[in-house]
Each structure stands twice: as C-alpha cells, then as structure tokens.
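Structure first, commentary second.
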Amino acid sequence: MTSSSVAWTREHLAGLVDDPVVYTPVIRPEDVDCLLPGIDLWDLWPIRSPDGTVPAVCGSRMWAALSAPAVGHPGRRHDHARIRLVAAGERWEDGGPLFPAGGSAGSREWAGSLILDAGVLHAFYTAVGRRGEAVPTFGQRIIGASAPVDCRGNRLRVGPWSEHRELVQADRVRYQPAIEETGQPGFIKAFRDPCWFRDPATGAELLLFTASLAGAETEFNGAIGIARRQADGWELGDPLVTADGVNNELERPHLVVHEGRYYLFFSTQQRTFHPAVSGPTGLYGFVGPSASGPFEPLNGSGLVLCNPPAEPFQAYSWLVLNDLWAVSFVDSHSLAGRHPDQLEADGEHTVRRHFGGTMAPPVRLHLQGAEAHIGEVGSVASLLTGS
C-alpha cells in the first residue's frame with residue numbers, strides 16, 4: 001500500500017503567526033465539570049457508526065476515555081490507564097471499564113477508537129507494557145477485539161470479547177518499533193492511537209496511528225502511519241505525514257471528510273517540538289484530495305487551534321467529529337502564567353488541584369479549503385447529549 005507522504009517542516013512552522021483567531025477561550029474553574037467523581041478522564045472518543053456519526057446506544061450517547069483513580073500525582077495516571085465507558089444522557093453515568101480486569105493485551109490501555117456495526121462493538125486500542133508486569137514498561141502494540149452488545153435494562157452491556165489480536169507491527173523500514181522499557185510520556189517512541197476510518201469514496205477500511213519514523217535523522221521523528229484492511233489482515237502503508245527534526249509525537253491522528261476534502265488532524269504539545277522549533281500545544285491539521293493524500297498543512301503552518309497564551313497548558317488531545325465539533329480534555333488549568341512544573345514545589349496536592357481530568361468545553365471548527373479557524377464555542381452538556 002502506498003500513500004503520498006508529506007514532510008511537516010520547520011519552514012511550515014516559520015510561517016506560524018500569533019493570531020487570536022486560533023486561541024480557545026480560557027477555561028475557568030467553573031468550566032471544569034467532573035463527569036465521574038473520583039475518576040480522571042482524558043483522551044476521550046465516542047462510540048461511532050461506520051460512517052463516523054455518533055449514534056444513541058441504549059438510549060444514550062456513549063463515550064470512551066482513558067481513566068484512572070483521581071488520587072495522587074496526575075502525571076502517574078498513564079501507569080494505570082484503562083479504557084472506560086461514560087453514558088451521556090440526562091446525567092453522566094459510569095459505564096465501567098471496557099474490558100474486564102486483566103482482559104486486555106497489556107498492563108494498561110491507551111487511546112484508540114470504537115465502532116458499533118450491526119450489534120457488534122469493534123475495539124481498536126493501544127496495549128502498553130506486558131500483562132502482569134510489576135514495573136510499567138512502554139512497549140506499544142495496536143490491538144483489535146470485538147464483542148456483541150445488548151441493552152438489557154436500557155444499559156449497555158458488552159461481551160464476551162473475542163481474542164485480542166495484534167493488528168499491525170512496525171516494519172523497521174518505515175516505522176520504528178516502540179519497544180522501550182523505560183521513559184516518560186512525550187519522549188518515548190510511538191506505535192499507538194489506532195483510529196478506524198472507512199473511506200466514503202472507496203469503501204476501504206483504514207487505520208491511522210501515531211508512529212515514529214524509521215531511519216530518521218533526529219530523535220524528534222514523529223509520523224502519522226496508515227494501514228489498509230485486506231482479506232488476510234492489515235497492510236502497512238507509507239506514512240501520511242512525517243515530522244523528522246520537527247516534533248516527536250503527532251498524537252491521535254484522525255480523518256474528517258468535509259465538502260469533498262479529507263482533513264487530517266492530530267494533537268501535539270509544546271514540549272515535544274525539536275529544541276530548534278517553536279510551536280504551541282494545540283490541534284494541527286492537513287488537507288488533501290483523498291485519504292492517502294497528498295496533504296498540505298492547514299493555514300500554511302498546520303496550526304488549527306491552540307490554548308490561549310494566558311493558559312497555554314489548559315487542554316489537550318483534541319478529536320474533531322464529523323460535525324466539526326472538536327473535543328479535548330482539561331489538563332493543567334488556572335495556572336495564571338505559571339508552568340506546570342512550577343507547581344511541584346507546592347506539593348502533590350497543588351498539582352492535583354490544577355489538573356482537570358475531564359472534558360473541556362468543545363469548540364466548532366470552520367473549514368474552507370486549506371483554511372481553518374474556530375467558529376463557535378459550546379458546552380460539554382449540549383455536545384454529549386446532542387441537544
């Protein structure tokens with residue numbers, strides 16, 4: 001499988017301008033609405049139909065998120081992450097872990113996608129580490145599993161699950177394996193975040209994923225990978241976007257078709273840019289004529305939206321839905337000009353107090369050709385209930 005790879009370059013980012021049109025509104029403390037008390041939620045995504053729409057499932061819109069108990073230092077949540085379901089109706093309801101304890105393929109679970117088709121839920125997710133390990137490691141595998149669903153008592157019930165199978169592997173030619181034993185989020189290598197997409201033009205089933213470029217010239221070698229389903233499994237394709245010498249992580253890539261164009265979005269953070277490059281934490285994107293490209297950066301630089309300068313760390317991990325609403329989670333908010341690292345001196349309690357761990361107020365994009373900007377600001381309640 002071939003695709004038209006495009007390099008995201010320092011020259012693109014040199015054209016980045018400080019324009020308020022890309023700033024999301026400042027998140028105030030009263031905007032931080034805890035969906036599930038006692039549980040941190042981040043990297044949210046909905047259960048979707050094959051066409052990408054968000055259906056009502058057992059009477060509610062169902063969302064998934066990475067989750068961990070809301071205790072201790074929030075930076076350690078990645079070591080305990082499990083995919084959890086949340087039902088959005090008249091009130092938020094905890095749907096519980098997606099998989100039974102010990103049922104997934106790693107020691108914890110990172111982001112993916114969920115597709116409901118003809119009463120069967122298809123899960124694509126990242127298995128991190130090894131099941132049963134005493135100390136968390138950072139090897140990443142892209143896993144798929146399926147299970148029937150039913151709505152007894154108007155509550156979603158999922159299972160039993162099929163075997164959890166590894167779908168694709170890094171080939172060491174285009175993609176570097178993510179097999180590190182130690183590390184920290186932001187600076188490890190990547191082979192994760194599978195996002196399933198059916199191309200409306202061809203009917204092809206695709207998986208986009210966060211990757212690291214093999215044979216790169218620098219350690220800042222982020223890429224967006226793609227695989228296509230074949231009769232006997234998934235076939236790796238050439239990267240859609242590479243960022244060698246620019247950024248280490250192009251996270252949670254996904255495609256949205258709008259007015260005949262294919263918009264490729266991903267999130268990245270200020271701290272994962274190469275030291276010679278400057279870019280804000282935000283949502284970035286490219287546009288092209290097909291799912292395989294060729295792509296060009298939106299707004300010239302790729303930047304679609306970012307946190308405001310007053311609170312540059314307030315939200316992260318944006319997902320753009322078919323209707324162009326972009327969802328993220330509240331990260332470090334209400335810092336009043338401080339860097340998150342400055343909170344450490346005040347202790348774990350202070351760090352915890354400034355961590356959101358819940359959905360951020362969504363924003364709706366306006367897309368026109370190769371230009372993108374924020375068109376509307378919404379509320380969590382209206383987005384999730386569809387009102």
Task: Residues (out of contact with any Leu (no Cβ under 7 Å at 6 or more places or on another chain) and either open to solvent by 20 Å² or more (accessible area, probe 1.4 Å) or hydroxyl-bearing (Ser, Thr, Tyr) (or both)) located in region 297-326 - done: Asn299, Gly300, Pro309, Ala310, Pro312, Tyr316, Ser317, Asn322, Asp323
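Yes or no, residue by residue, for (1) free of Cβ contacts under 8 Å to residues at least 60 places away in the same chain; (2) more than 19 Å from Gly15 (Cα to Cα); (3) out of contact with any helix residue (DSSP H, G or I) (no Cβ under 7 Å at 6 or more places or on another chain); (4) of a type in the set (A, V, I, L, M):
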{"position": "Arg252", "(1), (2), (3), (4)": "no, yes, yes, no"}
{"position": "Leu283", "(1), (2), (3), (4)": "yes, no, yes, yes"}
{"position": "Phe295", "(1), (2), (3), (4)": "no, no, yes, no"}
{"position": "Ser301", "(1), (2), (3), (4)": "no, no, no, no"}
{"position": "Pro309", "(1), (2), (3), (4)": "no, no, yes, no"}
{"position": "Leu319", "(1), (2), (3), (4)": "no, yes, yes, yes"}
{"position": "Asn322", "(1), (2), (3), (4)": "no, yes, yes, no"}
{"position": "Glu344", "(1), (2), (3), (4)": "yes, yes, no, no"}
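Residue check: is Ser382 without any contact (Cβ under 8 Å) to a residue 12 or more places away in the chain and over 18 Å from the mean Cα position of the chain (by Cα)?
Values: without any contact (Cβ under 8 Å) to a residue 12 or more places away in the chain: yes; over 18 Å from the mean Cα position of the chain (by Cα): yes.
Taking the combined requirement at face value, the residue satisfies it.
Inside region 30-80, can you point out the residues that are among the aliphatic types (A, V, I, L, M) and outside any loop (DSSP other than H, G, I, E, B)? Spell out the reasoning first.
Of the residues in region 30-80, the ones among the aliphatic types (A, V, I, L, M) are 32, 35-36, 39, 41, 44, 47, 54, 56-57, 62, 64-66, 68, 70-71.
Scanning region 30-80 gives Ile39, Leu41, Leu44, Ile47, Ala56, Val57, Met62, Ala64, Ala65, Leu66, Ala68.
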Task: Given (1) buried (at least 20 other Cβ atoms within 10 Å of the Cβ); (2) free of Cβ contacts under 8 Å to residues at least 40 places away in the same chain, number of the condition Val256 does not satisfy - done: (2)
- [ ] Restrict the check to region 349-356 and report whether at least one residue is open to solvent by 50 Å² or more (accessible area, probe 1.4 Å), charged (D, E, K, R) and either part of a strand (DSSP E or B) or at pLDDT below 95 (or both).
- [x] no
TODO: Would you be able to tell me the number of residues in region 114-143 that are open to solvent by 10 Å² or more (accessible area, probe 1.4 Å), among the small types (Gly, Ala, Ser) and under 24 Å from Ala190 (Cα atoms)?
DONE: 3
- [ ] Take region 179-208 and flag every residue that is open to solvent by 10 Å² or more (accessible area, probe 1.4 Å), within 30 Å of Asp51 (Cα to Cα) and outside any strand (DSSP E or B).
- [x] Asp199, Pro200, Ala201, Thr202, Gly203, Ala204
- [ ] Any chance you could count how many residues in region 285-317 are assigned to a strand (DSSP E or B), under 28 Å from Gly203 (Cβ atoms) and either among the hydroxyl-bearing types (Ser, Thr, Tyr) or touching a Pro at 6+ places or on another chain (Cβ under 9 Å) (or both)?
- [x] 4
- [ ] Please identify the pairs in which a residue from region 148-166 that is at positive phi has its Cβ atom under 8 Å from the Cβ atom of a residue that is surrounded by 14 or more Cβ atoms within 10 Å (Cβ to Cβ) and of a type in the set (A, V, I, L, M), counting only partners at least 6 apart or on another chain.
- [x] Gly159/Ala147
Task: Long-range neighbours under 6 Å by Cβ, at least six apart or interchain, first residue under 19 Å from Ser67 (Cβ atoms) and without any contact (Cβ under 8 Å) to a residue 24 or more places away in the chain within region 122-143, second hydroxyl-bearing (Ser, Thr, Tyr) and surrounded by fewer than 24 Cβ atoms within 10 Å (Cβ to Cβ) - done: Gly129/Ser107; Gly129/Thr137
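The values are calculated or read from the model by the stated rules, or taken from the named source; none is laboratory data. If you're wondering where the values come from, they're calculated on a predicted model, not measured in any experiment. Note that each Cβ is placed from the backbone with ideal geometry, even for glycine, and that neighbours are counted across all protein chains shown. The area values use the complete protein model at the heavy-atom level, side chains included, leaving out ligands, DNA and RNA. Shrake-Rupley method; radii C 1.70, N 1.55, O 1.52, S 1.80 Å.
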